1. Picking from Val287, Val202, which residue would you name as being buried (at least 18 other Cβ atoms within 10 Å of the Cβ), among the hydrophobic types (A, V, I, L, M, F, W, C) and closer than 30 Å to Thr301 by Cβ?
2. Inside segment 275-301, can you point out the residues that are assigned to a loop (DSSP other than H, G, I, E, B) and in contact (Cβ under 8 Å) with a residue 60 or more places away in the chain?
3. Only one residue in Arg80, Arg95, Arg52 is farther than 24 Å from Gly150 by Cα and charged (D, E, K, R), so which one is that?
4. Listed residues Ala246, Ala318, Ala323; which is within 30 Å of the chain's Cα centre (by Cα) and crowded, with 18+ Cβ neighbours inside 10 Å?
5. Select from segment 384-399 the residues that are within 20 Å of Gly100 (Cα to Cα) and among the small types (Gly, Ala, Ser) and write down the one among them that is surrounded by the most Cβ atoms within 10 Å (Cβ to Cβ).
6. With respect to the numbered conditions (1) surrounded by fewer than 14 Cβ atoms within 10 Å (Cβ to Cβ); (2) within 21 Å of Asp48 (Cα to Cα), which one is the sole condition not fulfilled by Ser115?
7. Can we say Glu402 is at pLDDT 95 or above, surrounded by fewer than 16 Cβ atoms within 10 Å (Cβ to Cβ) and in the same structural domain as Pro351 (by TED's automatic domain parsing)?
8. Filter segment 349-369 down to the residues that are part of a loop (DSSP other than H, G, I, E, B), surrounded by fewer than 15 Cβ atoms within 10 Å (Cβ to Cβ) and out of contact with any His (no Cβ under 9 Å at 6 or more places or on another chain) and list them by number.
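The values are calculated or read from the model by the stated rules, or taken from the named source; none is laboratory data. The structure presented is a predicted model; accordingly, all values stated were derived computationally and were not measured. Backbone-built Cβ (ideal geometry, glycine too); neighbour counts: all protein chains shown.
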Amino acid sequence: MNLCLPSAALALTFLLTACGTSCPSTESGHADVEDGAHAESDTPRKGDHGGRLLEQNGFAVELAIAEDGTPPKYKAWLYRDGKPLPPSAGAVEVRLKRLGNVAENHALKPQADGSLMAASIVGEPHSFDVEVVAQINGTTLGWAYPSYEGRTQIAEAVAQDAGIRVAPAGPGVIADEHEVQGLLTPLESRIAKVAARFPGPVRKLNVNVGDTVRAGQVLATIESNLSLTTYAVTAPIAGVVLTRNAAVGSVASEGAPLFEVTDLSSLWVDLHIFGADAQHIRPGVPVTVTRMSDGATAQTTLERVLPGTATASQSTVARATIANTDGLWRPGSAVKARITVEQQPAPLVVPLAALQRFRDWDVVFIRIDDTYEIRPVELGKRDARQVEVLTGLSAGDPVVVEQSYLVKADIEKSGASHDH
């Protein structure tokens with residue numbers, strides 16, 4: 001099968017495992033009647049209660065999953081020659097084999113309403129190979145059939161070409177984070193204003209704005225009006241020339257700054273925090289700073305929360321320091337930052353990219369060999385990257401963590417889904 005993949009999202013032609021009809025809702029729940037491609041008949045027969053009618057040697061078991069006013073449970077009715085039998089006439093057991101060869105048994109017991117019902121709940125998804133074993137009036141009967149929902153099959157090569165990636169679910173850390181804006185500024189202790197020691201005309205300028213200089217390097221030569229001799233003006237620190245307030249032939253006044261040299265190897269990040277958020281942020285918490293020009297990030301720690309309020313924005317200013325190792329963090333530039341106020345360990349997390357909506361559920365998709373299937377999940381806390389899973393998954397389950405929407409689209413296209 002040759003597949004052209006000009007777009008991973010639109011050009012997939014998937015191989016399907018289940019492609020049969022969907023089972024209808026009934027008053028007692030939804031009937032477990034989906035046949036998929038394995039049934040001998042396209043539409044299985046239904047009983048008086050809308051359930052799947054399993055017939056053999058004059059006996060019959062009508063089987064459904066009851067959901068009306070109860071968690072999903074198997075429910076059955078017994079028949080002989082088309083006539084109802086009391087529930088005491090027999091016993092029914094439903095044996096399920098879920099994806100990954102997980103076995104699950106449901107024993108049905110007589111009920112006062114004339115049916116048999118299991119005490120155990122049929123967890124979602126209702127997708128499994130079904131074996132039904134019944135004893136009616138001393139006769140042993142059995143049936144087997146597939147009943148799949150939320151399941152599809154994707155060949156490994158197709159999945160790889162589409163960028164579908166799977167990773168085991170496992171523990172992680174959920175962060176309480178605040179997204180803020182900030183501004184880069186030089187450290188005050190690393191700014192040097194270079195002035196003339198004696199007044200006189202500027203005879204020579206050796207550097208321009210933007211030049212990198214070393215400590216002690218000659219920046220300019222000035223002729224003293226007092227001694228009529230020249231003297232050198234040197235850089236007191238290593239750094240970058242940010243300003244130059246002199247021209248050859250101009251007269252330098254005593255004490256007037258000629259240059260500003262700043263060490264830009266580290267910069268302050270002044271972050272603006274608004275409203276009640278300022279009450280939760282304390283020095284010492286982690287900060288991730290993002291450069292807007294190219295998305296590069298730097299990890300640092302919040303050093304202090306300044307006591308005043310920024311006049312123009314009425315925000316509280318929190319300050320951190322970042323290393324400017326590549327020289328591309330520029331003073332005066334706006335940045336984005338994520339302040340992590342608290343980190344809480346979680347037993348089980350998945351990336352946000354793994355989540356999709358299926359019917360009324362939040363779901364992820366697991367993969368066993370080439371088969372993908374939904375797992376409805378109950379979610380807990382989340383942050384900007386991942387979410388805690390409270391129920392529906394186990395540690396180590398192989399979860400689709402990239403391109404999960406492609407799996408969802410293929411399942412919906414296949415129609416391998418019960419109506420609930």
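1. On the way: Val202 fails: closer than 30 Å to Thr301 by Cβ.
On inspection, the qualifying residue turns out to be Val287.
2. His280, Ile281
3. Working: Arg95 fails: farther than 24 Å from Gly150 by Cα; Arg52 fails: farther than 24 Å from Gly150 by Cα.
Going through Arg80, Arg95, Arg52 in turn, the sole match is Arg80.
4. Details: Ala246 fails: within 30 Å of the chain's Cα centre (by Cα); Ala323 fails: crowded, with 18+ Cβ neighbours inside 10 Å.
Just a single option satisfies the conditions, and that option is Ala318.
5. So, considering only residues that are within 20 Å of Gly100 (Cα to Cα) and among the small types (Gly, Ala, Ser), the one surrounded by the most Cβ atoms within 10 Å (Cβ to Cβ) is Gly392.
6. For Ser115, the exception is condition (1).
7. Taking the combined requirement at face value, the residue satisfies it.
8. Asp369
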